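K.L.:
The structure under discussion is supplied below as C-alpha cells; questions concerning it will follow.
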Amino acid sequence: MFFNFLFVFINFGVFLAVCIAVNLCLLRNGPFFGAVQLILSLESIYVSHVVMALFSALVGWVVFLLMLLKSFIWNLYQAVLVTIGVEAELLERGKEG
C-alpha cells in the first residue's frame, strides 16, 4: 500500500516538475527561447511532427496518471473496507468469547 502511494506521489511530482519546467523555460527570453526560435526556423513539417509527438506523449502521460489515481483511490477504498470488516469480526468474536 505504501509503495503504491509512493509510486503515485512520485509520478505526480515528476509530472508537476515537467509542467513547471516547460512553463518557465519557454517564456520569452527564457533559457530555451533561443533554441525554440532556431527550431522554428526549420521547415514547418518537422516542427509540427515533433510538436504532435510531444503533445501525444503528454496526453498519454495524463491518461496514465488518471488511471493511476483511479486505481490508487480504489485500493485505498478496499483497504478501508477490509479493515472495517476485520474490526467488526474481531468485535463479534470478542463478544462471544
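K.L.:
So, of the residues in the stretch 1-45 that are of a type outside the set (A, V, I, L, M, F, W, C) and under 30 Å from Gln78 (Cα atoms), which turns out to be surrounded by the fewest Cβ atoms within 10 Å (Cβ to Cβ)?
P.N.:
Among those residues, the one meeting the criterion is Gly13.
K.L.:
Could you please tell me which pairs satisfy a Cβ distance under 9 Å, a separation of 6+ or placement on different chains, a first residue in the stretch 17-28 that is under 20 Å from Trp61 (Cα atoms) and in contact (Cβ under 8 Å) with a residue 12 or more places away in the chain, and a second residue that is among the aliphatic types (A, V, I, L, M) and not in a helix (DSSP H, G or I)?
P.N.:
none
K.L.:
Also, quick follow-up: Picking from Gly60, Gly34, which residue would you name as being over 28 Å from the mean Cα position of the chain (by Cα) and either assigned to a helix (DSSP H, G or I) or of a type in the set (S, T, N, Q) (or both)?
P.N.:
Just one listed residue meets the conditions, Gly34.
K.L.:
Please work out which one of (1) at pLDDT below 85; (2) in a helix (DSSP H, G or I) is the condition Arg28 fails and give its number.
P.N.:
Just one mismatch for Arg28, condition (2).
The values are calculated or read from the model by the stated rules, or taken from the named source; none is laboratory data. Small disclaimer: the values here were computed from a predicted structure and weren't measured. Here the Cβ is made from the backbone with ideal geometry for all residues, glycine too, and neighbour counts use every protein chain on show.
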